[in-house]
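For reference, the structure discussed in these notes is given below.
The values are calculated or read from the model by the stated rules, or taken from the named source; none is laboratory data. What you see is a predicted model, and the numbers here were worked out from it, not measured in a lab. Cβ atoms come from the backbone with ideal geometry, glycine included; neighbour counts cover every protein chain shown. Note: accessible area is taken over every heavy atom of the protein model, side chains too, but ligands, DNA and RNA are not part of it. Shrake-Rupley method; radii C 1.70, N 1.55, O 1.52, S 1.80 Å.
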Amino acid sequence: MTLLLPALQSPTGPAASREAARFGDLSLTYGDLAVASTALAARIADAGRVAVWATPTPETVIAVVAALRAGVPVVPLNPRTGESELAHILADSAPTAVLAGPDDELPPGLERLRQVTVDARTAAPSGAPDDIGEAGPEDPALIVYTSGTTGPPKGAVLPRRAVAASLDALEDAWGWTGDDVLVHALPLFHVHGLILGVLGPLRRGGSVRHLGKFSPDGVARELGSGGTMLFGVPTMYHRLAEALDGWAGDAERDSLTRALSGARLLVSGSAALPVHDHERIAAATGRRVIERYGMTETLMNTGIRADGAPRPGTVGPPLAGVELRLAEEDGTVLDEPGAIGEIQVRGPNLFTGYLNRPDATAAAHTTDGWFRTGDVGTVDPDGYVTIVGRKATDLIKSGGYKIGAGEIENVLLAHPGVREVAVTGEEDPDLGERVVAWVVATDPDSPPPAEELTDRVAAHLAPHKRPRTVRYLDALPRNDLGKIMKRSLRA
Ligand code: MCA
Ligand code: AMP
């Protein structure tokens, strides 16, 4: 059995005093984190599965690390999850305890769980930490909820093997070492922010500085004072490009330019980085942002190598250990040059399945065991992959978050003032896509106000799933079979 986080096994001397994670003025060394997580691991060792109230704080890092070290699967929760989505996740994943910070106010749905308070300021009792056994490679490390086209989110069960394999493939691609200091501002309840952004540095024995909330000046400050890598979603790089172009103060612009120019790696993922933003950043800083392509179910599939050609608009070749192919809807594998097809992958980076959903797990795989990503792409003769679209029109990527049209439609349809609704994604320069709701009101003379509808989505699902625009129609366009023609709505 190999350890997921070897740097936390009894660190001593300089290894113990090295910074593992920093959030604002709160810093955790490897020594602190080893002791705190060992103590917490003992408290939760008998929990079958734990939920972590995943605020962007050191408490989340301690909680997740402790659970991983104890071999207890973690369900990271978005602290802003609305009532219905939270109820679904809790019922589906059945955690026995919730790990949260001392100041967190937990919503009613969590009260029936054992509450384990994690306090970074007092978490580490004195004394040397013991080694911990962790767990086996196929044991689940995390269950991460991800939206589909219809119905509530599904829990992707990620085994420890997948986490280790994906992080080690990135080590190979990016020359990622313990000397790297990663800067990021991503949420800690998704793969990008938690697995790549927190477990990545910890697996290498390096460090992570989290900004709490994304801002160009926060990026300038942390990258300009020792940070070596930046991970972000395209919306963040778009905002950096805007700041580089438009910031009023020369001093601020200069400090951001210097910080980005000096970084070893600027990495974008979770959605496509528009070539225009890529070029704006390259022109201002001389640095190329590199892209990698992943998915909650597969962790990382492809990536531009640190020592490879950057090639904007592509997501690079498959990472070490990942097999990738293109296929037609009928299963025909495409290998002629220039072919466009669904991207299918296989490798040690893959999840084991959706929790409690063998039907969905089977549907997501081909009969010969490849995972169907639903993304459509091409592969250059030298292996570079370009993503050209997505099979499902009912999946929206906004700010790097995956959002299912169906989950929003269900919430809006339950409003008495809504007779019919269709949700689509529209192109947006900042968010990539923005959520748009097309509503047919029960009473066209007094339609429900847009704010009432968007607030309802935030309260039931999550704030980032709120439609940005609500448009009212007399009727939805339907074909002869009565099916809503979403493409004509978009047009
Ligand atoms: C949103 N808001 C609204 C509305 N919509 N308010 C009124 N009316 C609306 N219609 C509110 C939000 O609640 C929020 O409030 C504020 O407006 C801004 O919304 P938000 O969407 O959060 O945007 P943002 O705050 O500007 O954030 C942009 C962001 C964020 C920082 C880029 O989208 C983000 O953190 N994205 C990362 C997503 C991510 O990590 N994805 C990884 C999954 P307030 O201001 O109060 O907060 S993909 C993955 O893991 C795979 C493996 C991969 O490949 O990486
Ligand atoms: P999620 O299910 O939230 O993990 O999102 C995974 C999806 O994000 C993938 O299936 C892709 O559609 C998209 N994605 C991730 N990285 C990239 C990228 N670099 N370029 C384009 N799309 C991406």
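If I fit a long axis through the Cα atoms of helix 83-93 and take the longest principal axis of the Cα atoms of the chain, what angle between them do I get, 0 to 90°, rounded to 10? On a 0 to 90 degree scale, this one is about 60. Computed over region 269-334, the quotient of the alpha carbon radius of gyration and 2.2 N^0.38 Å is 1.30.
Note on the chain: helix-only mean residue ellipticity at 222 nm, from DSSP H runs of 4+ residues weighted -39500 (n - 2.57) and normalised by residue number, equals -8500 deg cm²/dmol. Cut-off 20 Å, label point 7 angstrom out along Cα-to-Cβ of Asp443: give me the residues of region 400-433 whose amide nitrogen falls inside. Of the residues in region 400-433, 412-421 have backbone N under 20 Å from the label point off Asp443.
A DSSP coil position with no more than 10 other Cβ atoms inside 10 Å describes the following trypsin sites (Lys or Arg not before Pro) in region 135-216: Lys213. Nearest-5 percent of antiparallel DSSP beta bridges in the chain? Restricted to the chain, the bridges split so that about 60 percent are antiparallel. Overall shape: oblate for region 274-422, with the ratio a/c of the largest to smallest alpha carbon gyration tensor axis at 1.5 or above and b/c at least equal to a/b. Straightening the chain between Asn479 and Thr117 buys 124.9 nm, computed as 0.36 nm per residue apart minus the Cα-Cα spacing. The C-alpha atoms of the chain define a longest principal axis, and helix 250-262 lies at about 70 degrees to it. Placing dummy labels 7 Å off each Cα toward the beta-carbon, the span from Arg305 to Ala42 is 4.6 nm. Computed from the Cβ-Cβ distance with R0 of 30 Å, the FRET efficiency linking His276 to Asp172 stands at 0.50. Shape class for region 228-324, computed from the alpha carbon gyration tensor (a ≥ b ≥ c): prolate, with a/c not under 1.5 and a/b above b/c. What stretch of the chain, leaving out the sites themselves, is the longest with no GluC sites (Glu not before Pro) in a DSSP loop having at most 12 other Cβ atoms within 10 Å? By the stated rule (loop sites, at most 12 other Cβ atoms within 10 Å), 139-327. Listed by chain and number, the lysines whose alpha-carbon sits under 23 Å from that of Lys465, ignoring those within fewer than 8 places in the same chain, are Lys154, Lys213, Lys391, Lys397, Lys402, Lys486. Computed on the chain, with alpha-carbon pairs under 8 angstrom and 6+ residues apart, the relative contact order is 12 percent. For the pair Glu451 and Asp382, a Förster radius of 35 Å applied to the C-beta separation gives a FRET efficiency near 0.10, rounded to the nearest 0.05.
When Rg and the Kirkwood radius Rh are both evaluated on Cα atoms of the chain, their ratio Rg/Rh stands at 0.96. The shape of region 88-224 comes out rounded: with a ≥ b ≥ c from the C-alpha gyration tensor, a/c is under 1.5. Placing R0 at 51 angstrom, the Cβ-Cβ distance between Arg471 and Gln9 gives a FRET efficiency of 0.35 after rounding to 0.05. Rolling a 1.4 Å probe over the protein heavy atoms gives the chain an accessible area of 40 Å² per residue. In a fully extended conformation the segment linking Glu328 and Ala363 would gain 11.1 nm over its present Cα-Cα distance, using 0.36 nm per residue. The C-alpha atoms of the chain define a longest principal axis, and helix 160-174 lies at about 90 degrees to it. The accessible surface of region 318-427, taken with every protein chain in place and a 1.4 Å probe, is 52 percent carbon and sulfur.
What is region 377-484's relative contact order, in percent, from Cα pairs under 8 angstrom and six or more apart in sequence? This gives 22 percent for region 377-484.
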